[in-house]
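Accompanying notes for the structure given below.
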Amino acid sequence: MHIPDGFIDTKIALTSAVISIAGVTMAVRKVRASVPPRAIPMMGLSAAFVFAAQMLNFPVAAGTSGHLLGAVLSAVLLGPYAAVLVMTAVLVVQSLLFADGGLLALGANLFNLALVAPLVGYWIYRLVRRLFQGHRGMLASAAFAAWCSTVVAAVSCAGQLAWSGTAPWGAVFPAMTSVHMLIGLGEGLITALVLAAIARVRPDLLTGSDGGPSSRFSVPVALAIVLGLAIFVSPFASSWPDGLDMAARAIGFDHRATTFAGPMADYQIPGVGSPAAATALAAGIGTIVAFLLALLLAKILVPDGKAESTKT
């Protein structure tokens, strides 16, 4: 659902950029005031996992693929405002290094995926969570919220395309929502599975407690697992177009897409003969950069007075 340059006009690009800057600035202030030091490594790991997971496209239907957004997953683990910063870090890395999403459209992508998806998704999660208690209730609430976040982000994207005059609302709205309702099923399932796995090894991350010796884990080991996922699985991800690409082809505005020549455009390393190896290397580099960017951002935002050991 990453919008390339050429799909939205100048007024929508500028408006989205202004709103996104304001939203990310608000998130920075909220995180600075509330993020606990123990969440610092988790912000880095969440960004690394989201980046890696977004490279693992899965087939949906009719030649269309989808991938995890990870917005609700990050929000459940870290809170909605930290999730905004995690998603922002991922989108910036994708745009600048891999030309995945346009530079001029970065504000629009941030609005849809770093603001709408985690904030609306988390609000829905908290609302539904009141109705369903217990471990299963948490997983069901997160899965439903993740599905909703995918669909709402798709509706927002459709609105930007319609207001830009790229495609009529009557065509782009059903095209985007129908396919992303299917993609959202995968989003909800993956979100629930990841949270269930975390609940087994680190239940304190879901309860907000500090944990104990038995729940300690190694950040390098966790990062290595995410790197392995990115490097060894990404070359085998589905090559089918995603929901936005398929909608653009169906409606007929795919020719408007323009991209700049990023250093690793299309997740390929220049000079590497094997496409699979080039994708694997790009996935590994991107995962590490996303981890470091989110980790640095988290460290900067934690006031000195709150500093303490970040071992968890």
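Please treat every number below as a calculation from the coordinates, not as lab data. All values derive from a computational prediction rather than experimental measurement. All Cβ positions, glycine included, derive from the backbone under ideal geometry; neighbour counts span all protein chains shown.
For every other residue with a beta carbon closer than 13 angstrom to the beta carbon of residue 1, add +1 if it is Lys or Arg and -1 if Asp or Glu, then tell me the sum. Kindly include the intermediate steps, with their values, before the conclusion.
Details: positive: none; negative: 100, 187, 242, 245.
Surrounding charge for residue 1 is -4.
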> If you take the alpha carbon radius of gyration of the stretch 36-124 and divide it by 2.2 N^0.38 Å, what ratio comes out, to two decimals?
Replying inline: 1.08
>> Quick check: the angle from helix 169-201's long axis to the longest principal axis of the chain, C-alpha only, nearest 10 degrees?
In response: 20 degrees
> Which distance in Å, rounded to a whole number, links the C-alpha centroids of the stretch 39-54 and the stretch 118-154?
Replying inline: 20 Å
>> Over the Cα atoms of the stretch 140-179, each weighted equally, I'd like the Debye log10 I(q)/I(0) at q = 0.31, 0.35 Å⁻¹, rounded to two decimals.
In response: -0.94, -1.08
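How many percent of Cα pairs in the stretch 158-292 exceed 26 Å?
Numbers: 4367 of 9045 pairs.
Percentage above 26 Å: 48.
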> Mean 1/r over all different Cα pairs, inverted: what Kirkwood radius does the stretch 46-202 give, in Å?
Replying inline: 15.7 Å
>> Under 10 Å, Cα contacts only: if you run a Gaussian network model on the chain, which one of 53, 199, 146 comes out with the highest mean-square fluctuation?
In response: 199
> Relative to the longest principal axis of the chain, what angle (0 to 90°, nearest 10) does the C-alpha long axis of helix 80-98 take?
Replying inline: 50 degrees
> Could you give the angle, 0 to 90 degrees to the nearest 10, between helix 117-129's Cα long axis and the longest principal axis of the Cα atoms of the chain?
Replying inline: 50 degrees
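To one decimal place, what orientation-averaged projected area in nm² is obtained for the convex hull of the Cα set of the stretch 4-56?
Numbers: hull surface 20.3 nm².
Here the figure is 5.1 nm², rounded to one decimal.
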> Among 145, 197, 114, which one moves the most in a GNM of the chain with springs linking Cα atoms closer than 10 Å?
Replying inline: 197
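Contact order normalised by length for the chain, with contacts defined as Cα pairs under 8 Å and 6 or more residues apart; what percent is it? Write out the running numbers ahead of the final one.
Details: 521 pairs, mean separation 99.7, N = 312.
32 percent.
Report the calculated FRET efficiency for residue 62 and residue 132 (r = Cβ-Cβ distance, R0 = 30 Å), to the nearest 0.05. Provide the component values of the computation, followed by the final result.
Numbers: r = 33 Å, r/R0 = 1.10.
So, using R0 = 30 Å, E works out to roughly 0.35.
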> Tally Lys and Arg at +1 and Asp and Glu at -1 over the other residues with C-beta under 15 Å from the C-beta of residue 262: what net charge comes out?
Replying inline: -3
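Report, in cubic angstrom per residue, the convex hull volume of the C-alpha atoms of the chain. Provide the component values of the computation, followed by the final result.
Details: hull volume 39.2 nm³, N = 312.
Per-residue hull volume (Cα only) is 125 Å³.
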> Residues with amide H under 5 Å of residue 66's amide H, sequence separation 5 or more or different chain, H placed in the peptide plane at 1.01 Å from N; which?
Replying inline: 58, 60
